[in-house]
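Beneath this line is the structure, given in structure tokens, with notes to follow.
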Amino acid sequence: MELRRLRQMVAPGARGIEALHTVDDFRHAARKRLPRMIFDFIDGGADGELAVAANRRALDEVLFSPRFMVDVADRDQTTRIFGTEVPLPLILSPSGLATLVHPEGELAVARAAAAAGVIFCVSTGSGHSLEAIADAADGHLWFQLYLWKSEEVVQSLIARAKAAGCEALIVTVDVPVVGKRERDLRNGMSLPVRLRPRNALNAATRLRWVRNIVNGPEITFGSLTDIAPGDDATSIGEYTNRELTDPSRTWSDLAMIRRRWDGPLIVKGVMSEADALHAVANGADGVMVSNHGGRQISSVPGVATVVPRIVDAVNGKAEVFLDGGVRRGEDIVKARALGATAACGGRLWFWPLAVGGEAAVSRVIDILSDDVDRTLALLGRRRFDDVTSDALFSTAAPR
């Protein structure tokens, strides 16, 4: 392959980003630019990956019932999330180790999110520290917390989230143990990243990624360097594997966190009415309906099929968010029609980050915002907050 063509593949530049028009376009571009083991780490799910496919299929099966000859000349997609007005009803979900795909990682995402006014949820497993991410941009930051074995670690992370100015706390409850991610096992994916012989040749053809890994920051969990014994990536990775999950945790632990956190509290990983009610009973202000992007258990429904049940169960006592399979602006509108306050997505910002850093993440946010605006016009709705279940097509026979 000639050198010029190779450079075009690994460095898209501004013109290359502008030529990408959907989240899936960025996914395909990221696949070309990342070593297989890194792309699979982002893209893959647990076991047979049925839940990954179910998330997308469930959204595809939601159909609209548009109305026309309505004055939609002046459209408004703003909404309020826990009382805060946001210009786009999209939340960038927590996803760890963004420095795997770009040296600026979450710093770039935080800047792009702040510029657009959207909410960015910082993962406990972020590549940069929570404090560095908070300093990168003055935007709406939430913090995602795992239920660590050590109560001291939990308390420390909550205190740091408060000090960093995070507006809300997300407690992830669907990881009593880590799911079996078969792509990672086959690829030998680990922290620190080790290029084994079967992956080395594939990685060597991704020149920009190799350059970033060589010249960029160490790939590690930035917020855990002061918590884990030892400050090298190997020690931190081993500590995280050992201490991150605690299968003995119960809903009483959420009540304890509620007493320590005075801002909005969201429970992420809810897939049943019973869990939604337990979350609300123990102090949750919000419920994020999520199957962890299909990365924990494979044989579960797509999130969009579960959201209406959760909305009915909480009956207005908590805000509900759809997290899973979101790829288009019309998915965000579908989430609202199903009863959710807003939609959330992690891979939808991870792929563009890999392709072009902050500029590419901003490009995807703009694409999704344009999609939402266009969908509102085609549905005959002037405002996002006007979207209700009557925007959905029903197969039930009319009465």
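Some points to look at:
- Counting other Cβ atoms within 10 Å as a rough exposure proxy, the listed residues VAL306, VAL333 run VAL306, VAL333 from fewest neighbours to most.
- Neighbour counts of C-beta atoms inside 10 Å place VAL177, VAL361 in the sequence VAL177, VAL361, starting with the fewest.
- The chain: relative contact order as a whole-number percent, Cα under 8 Å and 6+ apart: 28
- Fewest-first ranking of HIS278, HIS292, HIS28, using other Cβ atoms within 10 Å as the exposure measure: HIS28, HIS278, HIS292
- Helix-only [θ]222 nm of the chain, DSSP H runs n ≥ 4, -39500 (n - 2.57) each, per residue, nearest 500: -14000 deg cm²/dmol
- Evaluating 6.51 cos²θ - 1.76 cosθ + 1.60 at θ = phi - 60° for every residue in region 81-92, the Karplus couplings come out as 10, 6, x, 9, 6, 10, x, 9, x, 10, 10, 7 Hz, glycine and proline recorded as x.
- Lysine pair count for the chain (Cα-Cα distance under 26 Å; residues 8 or more apart in sequence or on different chains): 10.
- In terms of the mean number of neighbouring beta-carbon atoms within 10 Å, the peptides 341-350, 178-187 order highest first as 341-350, 178-187.
- Extent of the chain along its three principal axes (Cα atoms, max minus min coordinate, largest first): 65, 55, 40 Å.
- Span from the region 234-261 Cα centroid across to the region 101-133 one, whole angstrom: 22
None of the figures in this text is laboratory data; all of them are computed from the coordinates on show. The model shown is predicted, which means the values in this text are computed figures rather than measured ones. Quick reminder, even Gly has a Cβ in these numbers, built from the backbone with ideal geometry, and neighbours come from all protein chains shown.
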